[in-house]
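Read the structure below first, then the notes.
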Amino acid sequence: MSTENDQDDWRRALAGDGEAFGLIFDRHRARIRRHAHGLVPAAADADDVVATTFLEAWRRRDGIRFTSGSMLPWLLRTATNVAHNHRRSTRRYRALLARLPTDVSVPDHADDDFGDGPAARSLRLLSLEHQHVITLCVLEGLSADEAAGVLGVRAGTVRSRLSRAKTQLRMHLGSPLNQYRPEGAIDEL
């Protein structure tokens with residue numbers, strides 16, 4: 001997790017230093033995009049999630065929570081929420097389109113899953129709370145205490161959600177999770 005001056009840069013950004021905000025964006029955008037890529041169906045949607053996440057950071061600038069000096073856990077949680085809202089909006093839009101009279105249509109290649117494996121697809125099937133704990137604890141390597149601080153719940157709640165989330169992932173995947181764990185991700189709390 002990058003803790004490279006997030007709090008200092010954020011203070012400078014709040015004081016009107018646009019370059020400081022740009023430093024935070026440059027520091028975390030690739031990580032947020034990778035995270036969003038696993039939560040939305042198309043690459044273009046992942047870019048939208050990144051942009052909206054940083055817009056939300058600015059909109060809620062007084063409520064940012066730092067974990068060990070880093071803004072990344074807050075950004076990851078916000079990106080998960082943005083992706084969830086995007087998927088919900090897309091479902092509503094597609095439901096509306098389905099009610100319209102249809103012409104001969106050509107499949108849109110942007111709707112294809114873009115290389116997602118079964119683990120990424122299974123993650124999207126989890127509840128938002130379970131996505132949060134899997135993302136923060138397993139994929140991003142935060143401890144239960146750190147994740148609890150980001151989520152605003154107790155560490156015991158994080159541990160129980162993590163256990164339930166893993167059980168659900170095992171059911172979706174039908175095999176041990178270890179074969180889908182990204183290199184460097186940890187599972188110990």
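The values are calculated or read from the model by the stated rules, or taken from the named source; none is laboratory data. Just so we're clear, the structure is a prediction, and the values are computed from it rather than from any experiment. Ideal geometry is used to build each Cβ from the backbone, glycine not excepted, and the neighbour counts take in all protein chains shown. Ligands, DNA and RNA are excluded from the accessible area calculation, which covers all protein heavy atoms including side chains. Shrake-Rupley method; radii C 1.70, N 1.55, O 1.52, S 1.80 Å.
For segment 11-104, the solvent-accessible area of protein heavy atoms averages 57 Å² per residue (probe radius 1.4 Å; ligands and nucleic acids excluded).
Using 0.36 nm per residue and subtracting the Cα-Cα separation, the extra length available between R94 and D8 on full extension is 26.7 nm.
Give the residue list of GluC sites (Glu not before Pro) in segment 1-80 that are DSSP loop and have at most 14 other beta-carbon atoms within 10 angstrom. The qualifying sites are E4.
Per-residue surface analysis assigns H35 an accessible area of about 20 Å², computed on protein heavy atoms at 1.4 Å probe radius. Of the listed residues L126, L100, the order by accessible area with a 1.4 Å probe, largest first, is L100, L126. The accessible area of R121, taken with all protein chains in place and a 1.4 Å probe, comes to roughly 100 Å². Ordered by 1.4 Å accessible area with all protein chains kept, L75, L23, L173 run largest first as L23, L173, L75.
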